[in-house]
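> The following block contains the structure, expressed as structure tokens.
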Amino acid sequence: MTKLITVTELKKVLKQFNNEDLINLILELTKANQFNQELLTAKLSTSNDLIKIKDEYEKKIYKTFYPKAGSVNMNIKDAKSILNNFLIISNDRDLSIDIMVFYVETSLELMGLDMDNISVFKTIIDVFGEIIVNLNKEETNILYNKYKDKLEKVISSAENINWELFDEISNSYCELDWYESDDEEDYK
């Protein structure tokens, strides 16, 4: 197998390109596959374009889980790959959290249909944990307040599906920087 070019090697080569060569390379990459096109669209466009891309990714995730009306597909690997591709192209934490919440909600629906599916179980815990990590990166509680009700609904749904799952995501939720301050307000 041919050794792929490293980032350092790529930087050296690209520094030797003139503008026209760089433009041609970018155009070739854009034509090569849809992911490259979406990546460039996300990096060069407005937030409205990124919202549209996120909506398309949500549809892809949903279609992966529910390919035909009434049928269910437990292909977590493909759905997680779609989610990860969006997270790569997104430079917007709010939209990234939004699609992760959508992923967890949709995965919970699936788990409600097949409670013994361990890969669904694990991915819900992992993605929910990533939501918490991303919310903790915020300097204010604005995004937390935006997603608080959805996150609490996820926890409530998990409680009705699987106690172990409920415990895992409840523990993650308690790690939110905003959790204690929110808890204190409930007692005032």
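> Six or more apart or on different chains, Cβ under 6 Å: which pairs go from a residue in the stretch 53-69 that's of a type in the set (S, T, N, Q) to one that's buried (at least 17 other Cβ atoms within 10 Å of the Cβ)? Could you list them?
Sorted first by the residue in the stretch 53-69, then by its partner, the pairs are Thr64/Ala79.
> Working only within the stretch 115-174, note down all residues that are more than 14 Å from Met100 (Cα to Cα), surrounded by fewer than 16 Cβ atoms within 10 Å (Cβ to Cβ) and acidic (Asp, Glu).
Within the stretch 115-174, Asp116, Glu138, Glu139, Asp149, Glu152, Glu159, Glu164, Asp167 qualify.
> Cβ-Cβ below 6 Å, separation at least six or inter-chain, first residue in the stretch 126-148 and closer than 13 Å to Asp94 by Cα and without any contact (Cβ under 8 Å) to a residue 60 or more places away in the chain, second aromatic (Phe, Trp, Tyr) and not in a helix (DSSP H, G or I): which pairs?
Asn141/Trp178; Tyr144/Trp178
> Mind checking whether some residue in the stretch 96-115 is touching a residue at least 40 places away in the same chain (Cβ under 8 Å), outside any helix (DSSP H, G or I), over 25 Å from Asn48 (Cβ atoms) and out of contact with any strand residue (DSSP E or B) (no Cβ under 8 Å at 6 or more places or on another chain)?
yes
> Okay, moving on. Is it the case that Val133 is in a helix (DSSP H, G or I), in contact with a Phe, Trp or Tyr (Cβ under 6 Å, 6 or more places away or on another chain), under 30 Å from Lys43 (Cβ atoms) and not polar (S, T, N, Q)?
Taking the combined requirement at face value, the residue does not satisfy it.
> Kindly provide the set of residues from the stretch 3-33 that are assigned to a loop (DSSP other than H, G, I, E, B), more than 32 Å from the chain's Cα centre (by Cα) and either β-branched (Val, Ile, Thr) or loosely packed, with under 10 Cβ neighbours inside 10 Å (or both), ordered by number.
Across the stretch 3-33, the qualifying residues are Gln16, Asn18.
> Identify all residues within the stretch 143-188 that are more than 19 Å from the chain's Cα centre (by Cα), more than 25 Å from Phe121 (Cα to Cα) and at pLDDT 90 or above; write none if there are none.
Once the filter is applied, which keeps residues that are more than 19 Å from the chain's Cα centre (by Cα), more than 25 Å from Phe121 (Cα to Cα) and at pLDDT 90 or above, the stretch 143-188 yields nothing.
The values are calculated or read from the model by the stated rules, or taken from the named source; none is laboratory data. Values in this document were obtained by computation on a predicted structure and should not be read as measured data. Reconstructed Cβ throughout: ideal geometry from the backbone, glycine too, with neighbour counts over all protein chains shown.
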